[in-house]
1. Dipole of the range 503-659, Cα-centred, from +1 at each Lys and Arg C-beta and -1 at each Asp and Glu C-beta, to the nearest 20 debye?
2. Arrange 247, 138 by Cβ neighbour counts within 10 Å, fewest through most, would you?
3. Just tell me which aspartates and glutamates come within less than 12 Å, Cα to Cα, of residue 452; anything on the same chain fewer than 8 places away is out.
4. Work out the charge dipole of the chain with +1 on the Cβ of Lys and Arg and -1 on the Cβ of Asp and Glu about the Cα centre, then indicate which of 74, 721, 316 is farthest towards its positive end.
5. Which peptide among 118-131, 654-667 comes first, and what is the full order, when sorted by highest mean count of other Cβ atoms within 10 Å?
6. Quick one: how many lysine pairs does the range 324-437 have with C-alpha atoms less than 17 Å apart and a gap of 8 or more or different chains? Give me the count, please.
7. Provide the packing ranking of 85-98, 181-194, 625-638, i.e. peptides ordered by the mean count of other C-beta atoms within 10 Å per residue, highest first.
8. Straight distance only, please: which aspartates and glutamates reach the Cα of residue 101 with their own Cα at less than 16 Å, same-chain residues fewer than 8 apart left out?
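Nothing in this text is a laboratory measurement; each read-out follows from the coordinates by a stated rule. Keep in mind that this is a model prediction, so the values were computed, not measured. So basically every Cβ, Gly included, is an ideal-geometry build from the backbone, and we count neighbours across all protein chains shown.
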Amino acid sequence: MYYQKTVNETLKLCHSSIYGLSSQDVKLHQEKYGKNVLLKQKNESPIKIFIDQFKDLLVIILIISAIISGLSGQFESTIVIIVVIVMNAILGTHQTIKAQKSLDSLKKLSLPQVKVLRDQTLQMIPGDELTIGDIVQIEAGDVISGDGRIIEASSLQTNESALTGETESIDKQCHPLSKETMISNQNNMVFSGSLVTNGTGRYVVTSIGMNSELGKIAQLLNDTQERKTPLQQNLDQFSGQLSIIIIIISILVLFLNIFLAKQKPLDAFMIAVALAVAAIPEALSSIVTIVLSLSTQKMAKEHAIIKNLSAVESLGCISVICSDKTGTLTQNKMTVQNIYFYDQLYHYQDLNKEKHDHLTLLKTCSLCNNASINNQQRIGDPTELALLDLVNYHHFPTLSHLNELPFDSTRKMMSVLSKNHLYSKGAPDVILQKCQTILIHGKKEKLTHFHKQTILKQNQTLASQGLRVLAFAYRPCTSFGLTVEDENQLTFIGLVSLMDPPRHESPLAVKACRQASIKPVMITGDHIVTAKSIALQIGIYQDGDLCLEGEQLNHISDQELETILPKVSVYARVAPEHKIRIVKLWQKQGAIVAMTGDGVNDAPALKQSDIGVAMGITGSEVSKDAANMILTDDNFSTIVKAVIIGRNVYRNIKNAIHYLLSGNFAGILCVLMTSLFFLPTPFYPVHLLFMNLITDSLPAIAIGMEKIKEDVLNDPPRHKNNHILNQTSLNEILVDGTIIAFCTMIAYYVGLRYDALTAATFAFATICLSRLLHGFSCRSNQPIYRIGITSNISSILAFFVGFGLLHLIFYIPFLQDLFMITSLSLSKLIMIYTFSLLSFVLIQFKKIIVKQ
Ligand code: ATP
């Protein structure tokens, strides 16, 4: 049991040392122990997916009708129905697998990264490459990868709820335990899947993959099941209700035809089946899944990784974006600008190591630092990396500390112990409160009120230039086990200002937000003056807006805050718990809120928001775990791009649904009209089957892939509870369906002058072509000449595939027989083209009249 062994014994057992493994060891260990992966829940097999395609009401009706046709001797009909059902199932299987693959590749992108010591340098590696004996460095916000024995711990706490269900954080240490004990008491071990909630530390990996404690229960963790999105649920419900109504109508039509029209029962049955097939919108939900999952690929290309499909839908509804400043709106490329010692400001290059206060500052910068710079990588917090650059610039050595009180965004400072001194750095307002003396020209003096005012004024001046300011202090200290009580009676050394310029894209992205009626809000841990200056530069802060500090938030009630909420564009010096309050109040006002976060304490706010956004580069693993979306470039403008894609996706899905339903409605109208007038059936079930299951799906997917258009920014955000099928869209579906049915009926009527077979052929060909052409009309609510026919290649391809298949049926005698159609002369073909084009022109004409 590793927890009963000393650190040295454990290292020996794992064939490692405190300096970590060498590249050769890593290779050997990886060959011996394999990859650090949990045997994941396998995706459903293609065969199972294929079989699932038959568990559908429509397909069951069709199978019954195929059997009845077969029994009554109409074998052609049976064959066609079966072929079409199988083709549909193959298409459905292919699309489901494609959607699954795109989700799987997204999951891979969000794999956690681990900091390990290999070849004596700190390296970032993907979690699955971890092996036994690796030394892993951890800090608050990390997710533990592999199980391990702790070899170093400073205020280290972890949350093991994923494993034990215990929600309280557990204090960790590195001494061996004497007795055998259960996992929850093994406080010198860390376990895969748990979260580091506080402190820093190192552990040596003792087991990985399926041998870790998490691996042992992995079979129980069945979280791979994607839940349906609200839109899918909505549409499933809608399709279900519609199907019931349609089946009732079909049964009525069946009896009408048998008892009133005195048709043969088999013919009447076939008409009823035709009606059901024509009307049941079976492709709706699967089209939504396909379009949503394809859009996640698009978003990934734009640097936004979506973790669940529901988020794509919610993105289009966002009305408020609450964003961090550092790294999201700014470049997170910190560089030290000035250094202030009482009472003089220096350019960073002008430090003089001969001077005691200058030297003490460099020493503090080097000690209060967890960043590392080596040939290949710069690892760590950009603020600390910038301080390390300063240290290196002045050829000062990189020093290591004994013990640490780590930085967290609530305390806004950190301290370390080295030899017999404690060194601190942090926000000037926080550090100054803890100082009693000040270093002036190398001598300690009592810190007076006047000194404090002068320093704070200097802080204000630097902050108003948009600079981040840190204060440095120290004191003699001998207690090894550091506590926050030790961070008192400090001696103030100086201030360091760092520049982190706004990202070039930020002002444009903020402008796009305003155009899209989305309120951008900055929520930062930084100083109010720095925050306001940056917010002004990028346009988040406008005349008349308010800026609030965390401290002020503590003193105003929810009611008061609610009244000023829309006016506040900058929150500064906030603690993570303020973020939840801001999100909740916005949500209370009906807003749909996206909230960014990077720290370990941001997880609750990310979960509370409608879209939690984590930072892929600088964000903690915990925040990535809690988020719905991860930005691989940490960039605010990516959120706006994702919103634009989200809005477009919703619009495209709406258009695809419009396409499917209006085509179905046209089919129903034709069947109903002919049976009301006791005319021969215009379509045989195979015709409707062919249309609904084969020619319809491709144009619908093509509409779903319509290009991203920026004009969605001109609309206000969609209301979350708006049904995708509102009265206006239902009306449009009815009108378009009626136009297509009207043209089909003219064709049918013309065909009837020859014979019933020609009438059915005319009706089938016209409705098929009209629906294929309708695929172009449904791409947008604009007339086709505005969007350009060639601007969606998929839609042209979908048309020609349908067109080609249709003509195969027209001209291959065997298919002609199967589909029960008559051969078409050129003049008849031209008639069919004319009627189909007529429907297209009428619908386009309607668009022009309605829009202008
Ligand atoms: P945002 O919330 O927009 O990311 P931020 O990075 O400034 O902004 P925090 O990381 O919470 O927010 O930092 C709050 C304050 O703590 C900073 O303004 C700075 O004064 C101080 N600070 C930041 N990083 C460190 C650090 N590594 N060590 C000590 N103090 C720090």
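1. Numbers: 17 positive and 17 negative charges, 145 e Å.
Using only the charged Cβ atoms, the result is roughly 700 debye.
2. Numbers: 247 17, 138 26.
In increasing order of surrounding Cβ atoms, one gets 247, 138.
3. Here the aspartates and glutamates satisfying the reach criterion relative to residue 452 are 343, 429.
4. Among 74, 721, 316, the one farthest towards the positive end of the dipole of the chain is 74.
5. Values: 118-131: 17.1, 654-667: 24.9.
Highest mean packing first, the order is 654-667, 118-131.
6. Value for the range 324-437: 9.
7. Details: 85-98: 17.4, 181-194: 19.2, 625-638: 23.7.
Answer by packing, highest mean first, reads 625-638, 181-194, 85-98.
8. 44, 226
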